[in-house]
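All of the numbers you see were taken from the coordinates with simple rules; none came from a lab. Keep in mind it's a predicted model, so treat the numbers as computed, not measured. Cβ: placed from backbone, ideal geometry, glycine included. Neighbour counts: every protein chain shown.
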Amino acid sequence: MDRRLFLVSGLFAASLSLSGARAAWAAPAPAASALTAPQMRFLSAFCDTIIPATDTPGALAAGVPAFIDRIAVRASDEAQIAALRTSIDGLERVLDTAAGRPFAAAPAPVRHTVLAQVDAASMLGRKDCRVPATSADDADGATYRLLKAITVWGFYTSEAGGSQDLRFELVPGGYAPDIELAADWRNYCNETVLGQ
Amino acid sequence: MSISKDFDAIVIGSGITGGWAAKELTQRGLKVAMIERGRVVEHGTDYATETLAPWEFDYRAQRDPAATHEGLAGYGMSNANLNGASSLYPLTQAPGFFVAPEDHPYQTPQDAPFNWTRAYVMGGRSLVWGRKCFRMSDLDFTANKLDGHGTDWPIRYADLAPWYDHVESFIGVSGSTEGIAHLPDGQFQPPMALNHVEQKFKEWMEAHYPGRKFIPSRLANMTEAKPDEGRSNCQYRNLCARGCSFGAYFSTQSSTLPAAQATGLLTVLTDSRVVSIEHDPATRRASGVRMRNTTTGATTTVTGRTIFLCASSFNSTALLLQSTSEAFPTGLGNTSDVLGRYIMDHASGVQVVAHVPGYQDRNYTGFRPTNHFIPRFRNVGGDTSPAFLRGYGIQLDAARANWEAGAFGAGIGDDLKRKARQRGDWRLRFNLFAETLPDAENRLTLDPAARDKDGIAQIRVALRFGANERKLLDDAIAQSVEMAEGFGATVVSRPGEGYAIKGAIHEMGGVRMGRDPATSMLNGFNQMHAVENVFVTDGSAMASSAWQNPSLTYMAMTARAAAYAVDEIKQGKI
């Protein structure tokens, strides 16, 4: 395990305990993890490659792998968890082959190159990775889009993604209907678009 | 068991019309009990999700994934759910305002699904409504008489006009004065502005389509504060359906309830479901109501001199169907077999979305809680469209895509983060609302077998949209596409072949007004023909759906009926 992923797994543990504390005030705590430990390592590397730390925090600092696991547990029965594990194993094999080594252990630039190729192929002709898969879709491409979608959602609805990368404003206080777009504009995480 | 309290008036329901009935009746000196089946929701303190950020919700303001159990792929991921306005994705962090359908089941025919959106809490749907406030006009009040569908309205615009004034002034409505005969102007605060592309579209459309207008919405979100009532102007948060501590939009809690409470004449009974209206054959009047405590199951009776039924269209209709007696074996006041018939909703649930190229340097800030409006332009003002009767309205806005457009598209890493921060392209979004013709076969009945958890017969809703509604929507779609393309936009989404028509959470009818007791339940003052001390003033009284959002009309009818009822009481007539 390289140094970065070692650090990452520490963050991952921290975010797990955070989600445990939060769960106490409404939802039942997850009964178990949906994914195996090796799959969680793979998922951490995947999330870190989709949304790396830059001048703002990335998916790992935002606790995205733990978020995904928590939602998967909550959403799934045993058969669905088994299917998810199989899908992730399938995608991992594709990425391992492309990286020429375990994807999770590859340096960040290699992971980026490999995943960018998969992204380009999987998103070809598509504008939104959230569109539900159909039986006609390539299975690994569909798995990729689903994991990408929930990684993106988990990041931009997290405090780090929503308030440090994007902006959060609870009370705008007014409406400016027609202004110049500022060069340093950043979208608001909580802008709800009507009528979608 | 009977509680000794005897009230001048009993108001059943605490939503948009119940709150208005309570306010008007108490301010005219009556001692009033307002009965609500749901729990107390205190203004401000009980708006549990009002200030929460996405990350403060267990599931990031999406439906609990366990509710669908569809695996990870079934988890919703959309900011569209963030404002709490979607009943399909109730914000489950705390007790919500919307009813979970499994808790309050109802029946529909296999071929006619109907999504009945309800809020069984103090304030009812006044907490979560769309806040659009459009007057009806004589184009609407004469429509049934002129084309023969439904029964003639017993009122005309002149009857309601002063009450529209009264309601708008009190609740606070933002809007613009336009001089459109079939969408009469009212008592407006300044409108919410059009953004740059909306303004450009307005100029283009009004030049190319004489007789069509694109106007600011008329909205019960205030642009000017009412400091005397502790109500602020809108803060452009667009989180209205979570409740608003600023009191910036009209709800029972922000507006009518404090006014009624200030009289000292209001008693509010919550967690109390009225299960029947009691009829006294000796006086031939209603004597009171029987209600069930929804926690303990205990039943009590409250007596009152007059009854205002404001329980929402379908529940008011059902309550009358349940209120049987020797005098009225098929439901209170049902001497004509009209009770439960002629239910309606707006034909809707369809949208046209078009991508607008350019305008990349134009922006806006603040989260405006509304789109705007193209009022009806068919079969009015010189237009003759013989393919269909009546018309439709289009609620339209232009908006730039938020972070979701960039973030969920192609790209990873730095590239993805950069795209997510940037304003997306402009889009026009046309939401279509068509009038539904009254039809006797569109009917609400009580299911003979299925019961709810209180042991009350479940409601059976049979509402089918007909050929005229589909023709209206077909035309609305075609016109939206034509206007979008004429403006230079590219349609990216439109209803497909055989699209499903859905309601608009504007269910109405079932206890319709009319001129003849043989064909209607209520007279022109929302007074029951057969039982003179019962007034039904919510949407169930509607004789036609018209084409515009109906709540303002319900409020005006309620205020007018209350003034009439108090006069009748003072004269000893009821």
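Expressed as a fraction of 2.2 N^0.38 Å, the value expected for a compact globular protein of N residues, the C-alpha radius of gyration of the protein assembly as shown is 1.01. Restriction of the trypsin sites (Lys or Arg not before Pro) in segment A:107-151 to DSSP coil positions whose beta-carbon has at most 15 other beta-carbons within 10 angstrom yields A:Arg126, A:Lys127. Taken one residue at a time, the phi angles of segment B:295-308 give Karplus couplings (6.51, -1.76, 1.60, θ = phi - 60°) of 8, 8, x, 5, 10, 9, 10, 10, 9, x, 7, 9, 10, 10 Hz. Gly and Pro are set to x.
For B:Glu532, B:Glu36, the sequence from fewest to most other C-beta atoms within 10 Å is B:Glu532, B:Glu36. Taking chymotrypsin sites (Phe, Trp or Tyr not before Pro) across segment B:418-519, the ones in a DSSP loop with at most 16 further Cβ atoms lying within 10 angstrom of their Cβ are B:Tyr499. Calculated from the alpha-carbon coordinates, chain B shows an Rg and a Dmax of 23.5, 81 Å respectively. Segment B:162-217 and segment B:476-554 have Cα centres spaced 20 Å apart. Annotation: average projected area of segment B:207-277 is 9.5 square nanometres, based on the convex hull of Cα atoms across all directions.
Ordering B:Gly76, B:Asn533, B:Ser545 by the projection of their Cα atoms onto the charge dipole of chain B, which places +1 on the Cβ of Lys and Arg and -1 on the Cβ of Asp and Glu, puts B:Gly76 at the extreme positive end.
The alpha carbons of segment B:228-347 occupy a box of 54, 42, 28 Å along the principal axes, longest dimension given first. Bridge orientation summary for the protein assembly as shown: considering DSSP beta bridges with both residues in this region, about 70 percent are antiparallel. Among the helices of chain B (complete DSSP H runs), which have Cα atoms covering no less than 24 Å along the helix axis and a Kyte-Doolittle mean of at least 0.0? Helix filter hits for chain B: B:551-570.
Using the Cβ-Cβ distance between A:Asp89 and A:Ala176 with R0 set to 45 Å, the FRET efficiency from 1/(1 + (r/R0)^6) comes to roughly 0.35. Taking the Kirkwood radius as Rh and the Cα radius of gyration as Rg, segment A:153-196 has a ratio of Rg/Rh equal to 1.00. Rounded to the nearest whole Hz, the Karplus-based 3J(HN,Hα) values (6.51 cos²θ - 1.76 cosθ + 1.60, θ = phi - 60°) of segment A:107-114 follow the sequence x, 3, x, 5, 4, 4, 4, 5, with x at glycine and proline.
For the protein assembly as shown, the dipole from Cβ point charges (+1 on Lys and Arg, -1 on Asp and Glu) about the Cα centre works out to 480 debye, to the nearest 20.
Within segment B:188-276, none of the chymotrypsin sites (Phe, Trp or Tyr not before Pro) combine a DSSP coil assignment with at most 12 other C-beta atoms in a 10 angstrom radius. Inter-chain neighbour count for B:59-65: the average number of beta-carbon atoms from partner chains within 10 Å of each residue's beta-carbon is 5.
Taking other C-beta atoms within 10 angstrom as a stand-in for reagent exposure, A:Thr134, A:Thr192, B:Thr445 fall in the order A:Thr134, B:Thr445, A:Thr192, fewest first. Panel order for B:Asp165, B:Asp397, by other beta carbons found within 10 Å of each beta carbon, from fewest to most: B:Asp165, B:Asp397. Pairs over the 20 Å Cα-Cα cut-off, from the set B:Lys23/B:Lys570; B:Lys202/B:Lys226; A:Lys148/B:Lys417: B:Lys202/B:Lys226. State which entries of B:Lys213/B:Lys471; B:Lys5/B:Lys453; B:Lys471/B:Lys502; B:Lys132/B:Lys200; B:Lys145/B:Lys573 exceed 26 angstrom in Cα-Cα distance in the structure shown. Result: B:Lys5/B:Lys453; B:Lys145/B:Lys573 exceed 26 Å. Between the exposed loop cleavage positions of chain B, defined as trypsin sites (Lys or Arg not before Pro) in a non-H, G, I, E, B DSSP state with at most 12 neighbouring beta-carbon atoms within 10 angstrom, the longest gap is B:1-283. Counting only the Cα atoms, segment A:111-191 fills a convex hull of 156 Å³ per residue. Would you work out which of B:Cys240, B:Phe134, B:Val289 lies farthest towards the positive end of the dipole of chain B, given +1 charges on the beta-carbon of Lys and Arg and -1 on that of Asp and Glu, about the Cα centre? Of the options given, the answer is B:Cys240.
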